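Here the structure is laid out as structure tokens; the discussion comes afterwards.
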Ligand SMILES: [Cu+2]
């Protein structure tokens, strides 16, 4: 078992050098605010990866196994009284964390499957491929789905395909050094718990970003082919034909590692964590430039989220030119003159945190820390209310969750927080129950469709029809390195038909909700969500 301890002195020196490099690369120039979208004549600078040498963090420190004390999985997950971490606080205000429990691997990559289970994967163990587990948040069971051949999908980008399979694009060259990517794609099928090889990309990619388009195909951007050698082409995966085509050279660009990208309701892809916003048009394979971030750009250690309403993109924390920050800024694409605007800052500056869209459309900021990869961990979560634009401290978790940590929303409205490739808790997860789970009885979905088209009315049967205040679809998450590739919260219009239930209207088109599996939540007027019902949209 490979386990790392806290970083060594030499690693810290390396981190300091990397951060100095990052700071110089992200220093803003003139604060010109570009208005509207224009043709892109900007420079195409390669971005720093700024990552630890993989061997360094795999091999440094202890090799002893991690043993996590405390109650069993079954007791934690099935028991009526999970251990309180912040006994002095009211869970109806701050929520509540479980104690850490063992997941059997460092959860560097986490993907919510439409089975309600979570696919977790990491680097290889021994002589075979990446360690992988399917974790069931209801039973607590762990199923070993590790790759049985020499393939390392650690550092891949991943997207849940429209049919529920998981595409992992790129990763690490098996036993290679940091920055060495692979051109392979690897596909996980939850129906069989099996991995198969997909088509080969045009370039090797380590730290790429995948993003599903409105037609169910997937764009694959960025990453590095080898240390400091950017993968510049854009590949386009068609899941029905199981083929990859490479876009014309006009699409090519040296981008950041794990660039933060979003599918907007116009069908354009917004790339939003560098100094200048860029929009990619998949129909023409061209880029346009937009407004400059107030922060001067953020490194690949910030978090980024498309807010409910689907017109506002929020960039939070990370390490812009001034170092670690607590600032957050929002770009409203529906504005006639889109410009980044600061919103309220977090109470804590954070690098390598994770941001989770909760069932009520608020954001949960989990983990992260103030320095490097593992230093100054922030254990206090924060919740951002996008309507009031306020941050509220939540309960503190036990484990540090910085570099190589993940977090995602579960179908029951709770949040899994797991990973970080250092420290005694690295192979653990913790579960957060948000305040809405302590705010009274939950509404229930008696029945809802299993599949749904666009712009279509459908019926949700519920005994709680008289008290419903919100209906939403939340896309299954796929997250690694603080980047949740396709996270999306789609509000639906609805009306109550009394005991006949609710009549809701599905999203108007596939730019609002690209095809795939979504969790349908109904919430009462107190903001308490149901357990989700799974719907395949598209
Ligand atoms: Cu990494």
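Comparing Cα centroids, segment 144-213 and segment 269-299 end up 26 angstrom apart.
Length gained on full extension, residue 284 to residue 115, computed as 0.36 nm times the residue gap minus the Cα-Cα distance: 57.2 nm. Potential lengthening of the chain between residue 491 and residue 393 amounts to 32.7 nm, from the contour at 0.36 nm per residue minus the alpha-carbon distance. Across segment 165-219, Cα pairs under 8 Å and at least six residues apart give a relative contact order of 33 percent.
If I take R0 = 60 Å and measure r between the Cβ atoms of residue 441 and residue 177 in this structure, what FRET efficiency does the formula 1/(1 + (r/R0)^6) give, to the nearest 0.05? With R0 = 60 Å, the Cβ-Cβ based efficiency is 0.65.
Given R0 = 35 Å, the distance between the Cβ atoms of residue 139 and residue 347 translates into a calculated FRET efficiency of 0.45.
Ordering 236, 481, 109 by the number of other Cβ atoms within 10 Å of each residue's own Cβ, fewest first, gives 236, 481, 109. A Förster radius of 25 Å combined with the Cβ-Cβ distance from residue 450 to residue 197 puts the calculated FRET efficiency at roughly 0.25. Using C-alpha pairs below 8 Å separated by at least 6 residues, the relative contact order for segment 439-537 is 38 percent. Once both labels are positioned 7 Å from their Cα atoms along Cα-to-Cβ, the gap between residue 93 and residue 125 label points is 4.3 nm. Is the shape of segment 92-193 rounded, prolate or oblate, going by the alpha carbon gyration tensor and its root eigenvalues a ≥ b ≥ c, with a/c under 1.5 for rounded and a/b larger than b/c for prolate? Prolate, since a/c reaches 1.5 and a/b exceeds b/c.
Beta bridges from DSSP with both residues in segment 393-538: antiparallel share about 95 percent, rounded to the nearest 5.
Every number here is computed from the coordinates shown, using simple stated rules; none is lab data. Note that the coordinates shown come from a computational prediction; the quantities given were computed from them, not determined experimentally. Because the Cβ atoms are built from the backbone with ideal geometry, glycine has one as well, and the counts that use them run over all protein chains shown.
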